[in-house]
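Student: What follows is a single structure, and I will ask about it in a moment.
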Amino acid sequence: MLSEKSLAKIARERAKYPADQARSALLAALRITQEEQGYLSDAVMEYVADLLGIPAIQVYEAATFYSMYDLKPVGRHKLCVCGSVSCFLNGSDAVLQHLSERLGVDPGETTADGLFTLQEVECLGACKDAPMLQVGDHYYENLTPESLDALLAKLRGGSDDVR
Amino acid sequence: MFVNGVTLQNRGLPDSHRLSVYAGTGGYGALRKVLLDPMAPDQIISEIKKSALRGRGGAGFPTGLKWSFMPKGVTGTKYLLCNADEGEPGTCKDRDIMRYEPHRLIEGMIIGAYAMGASAGYIFIRGEFVEPIHIVEAALEEAYAKGYLGQNILGTDFSFDLYVYRGAGAYICGEETALMEALEGKKGQPRFKPPFPASYGLYGRPTTINNVETFASVPDIITRGGDWFLKLGKPNNGGTKIFSVTGQVQKPGNYEVPMGLPFRDLLAMAGGLRPGRQLKAVIPGGTSTAMVAGAAMMEVTMDYDSISKAGSALGAGSVIIMDDSVCIVKTVERIARFYMHESCGQCTPCREGMGWLWRVMHRLENGQGREEDLQLLLDVGSRIEGRTICALADGGVAPVVSSIRLFREEYEYHIQHKRCLISMGVA
């Protein structure tokens, strides 16, 4: 189910922990799996359980507890807009509204072309550069309507590394 | 004024995250001193005690004392963990230490591991911090290549392995025992204490855990002495501290200043308020600490004891500034949403109570408040506080209760007029 590359990554994570603590590699295994598969289906989670030799229930527990796992398909780019207090005090509601209007979706929804999922999330720890959002591995800070439009244009241009 | 700071002193240098740059400013000199000079583990711990370094993650527990709790003479692995799960709203300092000074953190951990006899360690970084994760991982590789990590460090019989662990999105993992659960691959739900981590921590082994900024303070304490660090600050509040000043200031940022700096000076460093604005309220230590009225805050100095006297807490040093354009009810509603979202669900008063607080705050904000709602919020709050395993719920109650105490008339206006006293200029 997983590529050799992903399996090698999981093996490297597994090696960080004592021999009898395979479960410690679970969060990393789920992340690596999600990066390849797009989201964590039941079948994928059972595969991860077998891979680490742990019960499937332990995989479901972790996958449903942590916010970075997607249990349903999401858009190619997930726009995670921080709405916690420092961002809120600096206009995060306007950021969310701007993106919602530009994309024609409400927070929590995915555009019809499958390109974008818009989400409001809690504090991402970049409070001094509010308002901000995260897309994939990258933070975008001190957002303005202009920088948001530029970001959407770049993401639509198809580059995964838009920095 | 002590300008350069301690934990972020190299921030202004190009490539400050590289080992060569860190070494060029004396980096890893403290490690050489303790291993080659050498310094006995007890000497290190007494130097940390002398410095009055207190935990920079929020609780402010004396670091040297914590280190002395680690049992001696046990067989098997002892662990050293770094809490880099920075997630308290308003807090963004550990991210910058990891981006600009990863080796200072790593050196502090190696010295701590030597002092406590730990042979393995993990830096638990929140999963969203991908850039800092890559920087710290690269720094670990550099440190291994130089022989500062791994077997027989600097040719001694001391060995220590250090790894990055990536979180997966949960504020509660900043609670130390929830972090250990997450590291074991479980849901991040806090454990009952006692037993404390020093006797039963990761995998049930003796474990010590400190915040990023705490570890990053250690190398200079060893090099320059505990007295030097203590004198940077004030008694019982040693050293410098990074304050993340955010919200409605002209130059939000991380300011590393001596403990005991007057708040008004910190505010001035952050560019002051926006033109024509008055200071309304400050949350001095992150959203889990009580709100302080602006006028009272102007008399406070930035240290554990002074902020505690003002009825709040220094917390993680996350100073959230609100000016007179802010609706307190709307702001506290937003803060309450955070705690509802982040409650791990283990303790009933928190799981139910955080949602209850938010729902009442939400109806107040949306013109559906009832006369009895303020008393209801206070009652619910008093039935949550002290009745949960960890401090998350108390942290969720603090902003609600403190803001009602300070700005009751604003809440009452919402109830009586079904709308806000202040039309917020931030939306």
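Student: So for the stretch B:81-215: antiparallel DSSP bridges make up what percent, rounded to the nearest 5?
Tutor: 5
Student: Taking every DSSP beta bridge with both residues inside chain A, roughly what % is antiparallel (nearest 5)?
Tutor: In chain A, DSSP labels about 55 percent of beta bridges as antiparallel.
Student: Still on this structure: Partner chain Cβ atoms within 10 Å, averaged over the residues of A:76-89 - can you pull that number for me?
Tutor: Whole-number average of other-chain Cβ neighbours for A:76-89 is 6.
Student: Can you pull the mean other chain C-beta count within 10 Å for peptide B:88-95?
Tutor: 6
Student: Return the inverse of the average 1/r over all pairs of distinct C-alpha atoms in chain A, which is the Kirkwood hydrodynamic radius, in Å to one decimal.
Tutor: 17.2
Student: On to the next question. For the stretch B:1-51, what class follows from the C-alpha gyration tensor (a ≥ b ≥ c being the square roots of its eigenvalues): rounded when a/c is under 1.5, otherwise prolate if a/b is larger than b/c, else oblate? Show your work: numbers first, answer last.
Tutor: Working: a/c = 3.63, a/b = 1.54, b/c = 2.36.
Cα axes put the stretch B:1-51 in the oblate bin.
Student: Continuing with this model, one more query. Can you pull the mean other chain C-beta count within 10 Å for peptide A:115-125?
Tutor: Counting Cβ atoms of other protein chains within 10 Å of each residue's Cβ and averaging gives 5.
Student: Give, as a single signed number, the net charge of other residues whose beta carbon lies under 14 Å from the beta carbon of A:D20, with Lys and Arg counted +1 and Asp and Glu -1.
Tutor: My count for the surroundings of A:D20 gives +3.
Student: So, with +1 on the Cβ of K and R and -1 on the Cβ of D and E, and no other charges, what is the size of the charge dipole of the protein assembly as shown about its Cα centre, to the nearest 20 debye?
Tutor: Here the size comes out at about 1100 debye.
Student: Still on this model: How far is the Cα center of the stretch A:105-123 from the Cα center of the stretch B:331-351, in Å?
Tutor: Between the Cα centres of the stretch A:105-123 and the stretch B:331-351 lies a distance of 23 Å.
Student: State to the nearest 20 debye the size of the charge dipole of the stretch B:1-81 about its Cα centre, where the only charges are +1 on K and R beta carbons and -1 on D and E beta carbons.
Tutor: Result for the stretch B:1-81 is approximately 200 debye, rounded to the nearest 20.
Student: At 222 nm, what helix-only mean residue ellipticity would chain A give, in deg cm²/dmol to the nearest 500, using -39500 (n - 2.57) for each DSSP H run of four or more?
Tutor: Dividing the helical sum by the residues of chain A leaves -13000 deg cm²/dmol.
Student: Based on DSSP H runs of at least 4 residues, each adding -39500 (n - 2.57), what is the mean residue ellipticity at 222 nm of chain B after dividing by all its residues, to the nearest 500 deg cm²/dmol?
Tutor: After summing the helix terms and dividing by the residues of chain B, the value is -13000 deg cm²/dmol.
Student: Two decimals is fine: what is log10 I(q)/I(0) at q = 0.07, 0.14 Å⁻¹ for chain B, from a Debye sum with one equal scatterer on every Cα and no solvent?
Tutor: Here log10 of I(q) over I(0) equals -0.34, -1.26.
Student: What order do you get for B:123-130, B:159-166, B:97-104 when each peptide is scored by the mean count of other beta carbon atoms within 10 Å, highest first? Can you show the working numbers first?
Tutor: Numbers: B:123-130: 24.5, B:159-166: 19.2, B:97-104: 26.4.
Sorting B:123-130, B:159-166, B:97-104 by mean packing, highest first, produces B:97-104, B:123-130, B:159-166.
Student: Given H placed on each backbone N at 1.01 Å, which residues far from A:H77 in sequence or on other chains put an amide H within less than 5 Å of it?
Tutor: Distant-sequence amide H within range of A:H77: A:F116, A:T117.
Student: Here is a follow-up. Using modelled backbone amide H atoms (1.01 Å from N, in-plane), which distant-in-sequence or interchain residues come within less than 5 Å of A:D70's amide H?
Tutor: A:L40
Student: At a Förster radius of 35 Å, what calculated FRET efficiency corresponds to the Cβ-Cβ distance of B:Q151 and B:T223, to the nearest 0.05?
Tutor: Result of the calculation: an efficiency of 0.90.
Student: What is the sum of charges, Lys and Arg at +1 and Asp and Glu at -1, for the other residues whose Cβ falls under 11 Å from the Cβ of B:M291?
Tutor: Once all neighbours under 11 Å are counted, the net charge is +2.
Student: Next up: Amide H of B:Y165: which non-local residues (sequence gap of 5 or more, or other chain) have their own amide H closer than 5 Å, using H built in the peptide plane?
Tutor: Close amide H contacts, sequence-distant or interchain: B:I123, B:F124, B:I125.
Student: Quote to one decimal, in nm, the extra length available between B:D394 and B:T77 on full extension: 0.36 nm per residue of separation minus the C-alpha distance between them. Write out the running numbers ahead of the final one.
Tutor: Working: separation 317, 0.36 × 317 = 114.12 nm, distance 3.42 nm.
Between B:D394 and B:T77, full extension yields an extra 110.7 nm.
Student: Please give, to one decimal in nm, the separation of the simple spin-label points placed at B:V21 and B:Y163, each 7 Å out from Cα toward the Cβ.
Tutor: Spacing of the two 7 Å Cα→Cβ label points: 2.9 nm.
Any read-out appearing in this document is the output of simple, stated calculations on the displayed coordinates, not a laboratory observation. Remember, it's a predicted structure, so these values are computed and weren't measured experimentally. As a convention, Cβ positions derive from the backbone with ideal geometry for all residues, glycine included, and neighbour counts pool all protein chains shown.
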